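A quick write-up on the structure given underneath.
The values are calculated or read from the model by the stated rules, or taken from the named source; none is laboratory data. Bear in mind the structure is a predicted one, so any value in this text is a computation, not a measurement. FYI the Cβ positions are ideal-geometry reconstructions off the backbone, even for glycines, and counts take in every protein chain you see.
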């Protein structure tokens, strides 16, 4: 059993701690995926891209806000269909 002191004692067993760790890892991964998506997309201006990056960094809900409101605003940069020949 773990005892955490934050002004008062909180007793948690190992199963509770593991659940919180798993939840935290899921939120962390979603945040990383949102940030990667922001970095890959073009939002028109650097300011808009920075704003969506900051929103994605908001703990626990930033990735969800980005997914709902910002995911479709950015455009993936177009790639050349033909590989460049450097001969």
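Quick look at the numbers
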item	result
Any chance residue 29 is touching a residue at least 24 places away in the same chain (Cβ under 8 Å) and farther than 15 Å from residue 77 by Cβ	no
Counted residues, region 60-87 - those being surrounded by 10 or more Cβ atoms within 10 Å (Cβ to Cβ), at pLDDT below 90 and outside any helix (DSSP H, G or I)	5
